[in-house]
Each structure stands twice: as C-alpha cells, then as structure tokens.
Amino acid sequence: MSGAHDSNPVYPDEQNRITSFESTYELHRQRICKYFSLKLNPMVADDLTQQVFLKAVENIHSFKGKSNLFTWIFKIAQNTVKNEYRRLSRKKETPYDYTQYESQSISLEFTKYVDFRIDIGVALKKLDDIDQEIIALRFFVDCTLFEISKIVGMRESAVKNRLYRSLEKLKKELKEWGDVTIMSIQDLISIVNKGDNAGTNNHLKKVHHDLFVELNNNVERISSKYNYHPTQKVVIELYPDLPTFHQALGEADAPNWFMGTYEGNIFKIVSPLNPGPEHTYESILKGTLHLFTMWLISEINPKASKWIRQGIGGYEAKLMTQDYIKESTEEAIRNKVIPTFEQLDDDTWNFDTMKGFQFSYMFVEFVIEQYGIEILNNVIRNPQDFNRIFHCSEMELHKKMVDYIEK
C-alpha cells in the first residue's frame, strides 16, 4: 500500500491551523476513538478523544509540519494511553484486554490477486506486542503504512515486512483451526463478456486476468488513501470493440477516446483486445482503474464535483503522462483559457475539448502537493466548502491553482 502523504506543513500559520482543526477533528475523531476503545475501554474512549484534541489545539504552536498532522495528534493519544496504563498500575487494575475486542475479519493480499481473511481476535493473541500494535493500527484504526511507520518509529518498509510476516505466520497457523478464509479479488469484482467478443477463449482469459491484477494491485491502496472501502460488488461489462460499445450506450457518434463509463456499480468498457485508434491494451487497463477510482469517489459522495472525480481518477491511474499533459495544455495556458470549476462540471464532449481531463488532474495534483491528502479527502466530502477548507473563496482558490499551473 502506498500513496501521496502530506509530509510538508499543511497550514501556513498558527491561526489557520487552529481554524482547520474543525475539519481535522471530523476527519480523524473516529480513528482516535477506535484506538482508545481498543487499548483502554470503549466506555472512556469518547472522553479521552475529546481530551486529545483539546490538548492538540493547546499545543498546535509546537507542530512544525515535519510530520503528518494525524500522526502528530496520534502521538498525543499514545501518551494518553501510557498515562492511563500507569494510573491503572498504581491502582492495581488490569488494562483492557483488546484481544477480546469485538471480532472482525481483516484481509491482505499475498499473491497477484489472492488475499485471505482472518479473525482478528484469534490473531492478536498469537503475536508479540509490536506486531499486535501494527495490526491493530492497520485494521482497527485504518492507518496507512506511512502513518504506522511514524507512530511506531520504524521505516515504512520495516512495518510492511513485519505486517506481512505476521499475517503469513497467522495464515499458516490459523488455517488448521478454520479461522482463515482464502478469497480473491473476484469477491469484489466480476467480469461479464458482452456481445460477440472477438479473440480466442485464451485471449479473453488473459484480459480477465490482467484486469483483475491491475485492479487488485491498486484497490487497497486507493481505498485506504481515500478512507473508504467498497461495500458492494463491481460488475465489469466487456464489449468486443469500440463501435459495439458506443452503440450499446446509445452514443454511436462518440469520440474514439471514449472507452468506458460506469452506471451505478456496473462498469462498461471496450475490450483491450480491440481498443480502437486512440487506445492500447495497457491504456484500457489503466482506464478501468480510472473508472474504479471515479466510482469510489462517487460512492463516498455522489455530489462530488466532476473535476474532483475525474482529477483523482486520472491522478491515481496515471493514464496520461506528465509530458502529454504539459504539451496538450500549453496553448490553453498561454492563452489564459484555463477552465473554471463550473466549466469542469460540463458533462458533454466539450469536457475533452477544454482539456478537462488534464486540468482536473492538475487541480487535484495542486491540492495534494500544496495542502495534503487530508484536505483532499475533506474536499471530496464537502466539495463546496472552500472557505472552511482552504480559507479562501472558490474564485481565490481557482486563481491559486492557475498560478500553480502557469509556473
């Protein structure tokens, strides 16, 4: 699991930091609360969470931006747990046994597109303290590997290795007890061949395999990055060629770049075996990942703006190269015809004409690089709340993005 994480200061001054704590609190309150429920007692979790955020506000001046804001707050939570343990020890009370916490299944991939699920209650009892902590942070608190590395003071690669080794060990030991279930990406995604699919059966099998691999290599990373795990199965309808795909959607005159769309949880794509004149086998695979990411953002918030959905889809799938983005937008930037947010909500073929895919990508890149992934997650969930999130109007934010692009 990997992704862009904010390691630079998110807020330019102390006043902005304090103001932005409202959104930070909403974004991370539940994660801190889960940690207290796990390590101490669910009955005191809410009160301790409030204490942590109050202490964070009081000490915000000491946050220098050398770490992710969440991990800085989480250090306060860890110190709170240590203080509670010392208090319980003095009173000769037993700390809460988090191996008795409500059972849940966790999963992690181990082969190209196969993972397994284990019962967390059984698992934690079989591991040493540091491995218990890493698994608890990953699966109870929904921390990324990057966040865990900062919290436990290890390199990200070391955290990943310990996590994989622990789960491999559990996979082997628990299988005999029936506490592990082998599952595959097919539990989340299924593929249906539509029409008279061209190509041999072996070719189609390869297409299915490659689509599963492309998605499985990225689904966990993207879901974790945007703090949302799909709750329903995705169906991919595979059309044999571009004309058949366009006709099925009632868009016979659609441009050749139009290779896929989604309706609800059904993805409709042209077969990579016959991608048309503007695509390749590989670009169809990446285009499917683009669609999955857009669908995920729509699941989080159906009202998320088109530039947010398209921009994040393009940013995560990397279907367009940086050179292509630069070359294809050079004239528009030079002539100062960069589209507004309102124009980027255009749902016609004009979206391509105005270089909507490219500018949406660059706008998302701007938010991640200048503000951080936490802020982007906030934008997804509150797409019109510019003043609270960015401390400026929609027009002012757009100007900042334009300045960033023109440089």
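The values are calculated or read from the model by the stated rules, or taken from the named source; none is laboratory data. This is a predicted model, so every value here is computed, not measured. Quick reminder, even Gly has a Cβ in these numbers, built from the backbone with ideal geometry, and neighbours come from all protein chains shown. Accessible surface areas use protein heavy atoms only, side chains included; no ligands, DNA or RNA. Shrake-Rupley method; radii C 1.70, N 1.55, O 1.52, S 1.80 Å.
May I ask you to list the residues in the range 124-159 that are surrounded by 14 or more Cβ atoms within 10 Å (Cβ to Cβ), not polar (S, T, N, Q) and not in a helix (DSSP H, G or I)?
Of everything in the range 124-159, those that are surrounded by 14 or more Cβ atoms within 10 Å (Cβ to Cβ), not polar (S, T, N, Q) and not in a helix (DSSP H, G or I) turn out to be Lys126, Leu127, Phe140, Val141, Asp142, Cys143, Met154.
Any chance the range 291-304 includes a residue that's in contact with a Leu (Cβ under 8 Å, 6 or more places away or on another chain), surrounded by 18 or more Cβ atoms within 10 Å (Cβ to Cβ) and under 23 Å from Met362 (Cα atoms)?
yes
With Ile368, Ile389 as the choices, which residue is farther than 25 Å from Asp323 by Cβ and in a helix (DSSP H, G or I)?
Only one candidate qualifies: Ile389.
Hey, among Glu278, Glu282, which residue is within 26 Å of Asp253 (Cα to Cα) and in contact with a Phe, Trp or Tyr (Cβ under 8 Å, 6 or more places away or on another chain)?
Glu278
Are there any pairs with C-beta distances below 6 angstrom linking a residue in the range 160-178 that is over 16 Å from Ile130 (Cβ atoms) and part of a helix (DSSP H, G or I) to a residue that is at pLDDT below 80 and open to solvent by less than 60 Å² (accessible area, probe 1.4 Å), with the two at least 6 apart or on different chains, and if so which?
Correct list of pairs: Lys171/Phe116; Lys171/Val180; Leu174/Ile118; Leu174/Val180.
Across the range 214-233, which residue is most open to solvent (accessible area, probe 1.4 Å) among those that are touching a Gly at 6+ places or on another chain (Cβ under 8 Å) and more than 11 Å from Trp295 (Cβ to Cβ)?
Only one residue fits best here, namely Arg221.
Test Arg87 against the criterion of being at pLDDT 55 or above, farther than 20 Å from Ala45 by Cβ, open to solvent by 30 Å² or more (accessible area, probe 1.4 Å) and not in a strand (DSSP E or B), and give yes or no.
So Arg87 does not fit the description; no.
When you scan the range 60-82, do you find a residue that is open to solvent by 40 Å² or more (accessible area, probe 1.4 Å), under 19 Å from Val141 (Cα atoms) and assigned to a loop (DSSP other than H, G, I, E, B), even just one?
no
Which one is nearest to Glu316 (Cα to Cα) among residues in the range 268-291 that are hydrophobic (A, V, I, L, M, F, W, C) and at pLDDT 95 or above?
Across the range 268-291, the extreme among qualifying residues is Leu289.
Only residues that are touching a Gly at 6+ places or on another chain (Cβ under 9 Å), under 15 Å from Ala304 (Cα atoms) and open to solvent by 10 Å² or more (accessible area, probe 1.4 Å): list them for the range 329-386, please.
Within the range 329-386, Gln343, Asp346 meet the criteria.
Ile312 is checked against (1) buried (at least 20 other Cβ atoms within 10 Å of the Cβ); (2) free of Cβ contacts under 8 Å to residues at least 60 places away in the same chain; (3) of a type in the set (A, V, I, L, M, F, W, C) and fails just one. What number does that condition carry?
Failing condition for Ile312: (2).
State all residues of the range 29-64 that are within 13 Å of Gln78 (Cα to Cα) and of a type in the set (Ser, Thr, Tyr); if no residue qualifies, say none.
Tyr35, Ser37, Thr49
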